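> Here it is, the structure in full.
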Amino acid sequence: MTVMMYFSYNVVFSFPVFLSTILTQMSFSRINSQGLSTSPYFISFLTAIVTTFIADRYSQRSIVIMVLSTIGAIGYI
């Protein structure tokens, strides 16, 4: 189980490093590949800021975690 967790961790955090290169190889220009690879991470940054503010404001951290985990699970499916 520990090996699978470590492998998953490395895959998730190494993917953004190579995403712009992958998009460039798919015949996108360098500017377009940078734009396409950064927008999902910017949206996730904004989501993290907004949801932590909501969780702190209403002291309902568990509900926020459950909602975001459900959205993530649906996204993976």
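> Roughly how tilted is helix 61-76, in degrees to the nearest 10 and between 0 and 90, from the longest Cα axis of the chain?
The two axes meet at around 30 degrees.
> Follow-up. Over the Cα atoms of the chain, how large are the radius of gyration and the largest Cα-Cα distance (Dmax), in Å?
16.1, 47
> Can you show me the helix-derived [θ] at 222 nm for the chain, built from DSSP H runs with n ≥ 4 at -39,500 (n - 2.57) apiece and divided by the number of residues, rounded to the nearest 500.
Rounded to the nearest 500, the figure is -31500 deg cm²/dmol.
Where a number appears in this text, it was derived from the coordinates with a stated rule and is not lab data. Note that the structure is a prediction, hence the values are computed from the model and not measured.
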